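A.B. asks: Below: one structure in structure tokens.
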Amino acid sequence: MAIYFSRHARPQMKWRRVSEAEVLSVLDAPDRVEESIDERRNAYNLVGDRLLKVTYVDEAGDIVVITVIEKESVGGQR
């Protein structure tokens, strides 16, 4: 299984200061995975003190990261 980053994901990661290694850690061991639209999935995990949401799609066994978002964690903390 290969992991690819969409043309949208890369600038979002840069803008939000999220590294490729952090995204891979979320995908490797998510705390929670939810179904999304268009057969996408959202994986969530705390990375350091940040709650990251990685939206991805499985395409023929490969993972394509659509976007990465930093969410507010419980209590409004980031």
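The values are calculated or read from the model by the stated rules, or taken from the named source; none is laboratory data. As the structure is a computational prediction, the values presented were derived from the model and not from experiment. With ideal geometry, Cβ positions are generated from the backbone for all residues, glycine too; neighbour counts draw on all protein chains shown.
A.B. asks: Pairs under 6 Å by beta carbon, first residue at negative phi in segment 15-30, partner among the small types (Gly, Ala, Ser), six or more apart or different chains?
C.D. replies: Once the first residue is at negative phi and sits in segment 15-30, its partners that are among the small types (Gly, Ala, Ser) give Val26/Ala43; Leu27/Ala43; Pro30/Ala43.
A.B. asks: Looking at (1) over 9 Å from the mean Cα position of the chain (by Cα); (2) surrounded by 14 or more Cβ atoms within 10 Å (Cβ to Cβ); (3) modelled with pLDDT of 95 or more, which is the only condition Ser19 fails?
C.D. replies: Condition (2) is where Ser19 drops out.
A.B. asks: Quick check on my filter: what residues within segment 10-32 are under 11 Å from Val54 (Cα atoms), part of a loop (DSSP other than H, G, I, E, B) and of a type in the set (A, V, I, L, M, F, W, C)?
C.D. replies: Selection gives Val18 alone.
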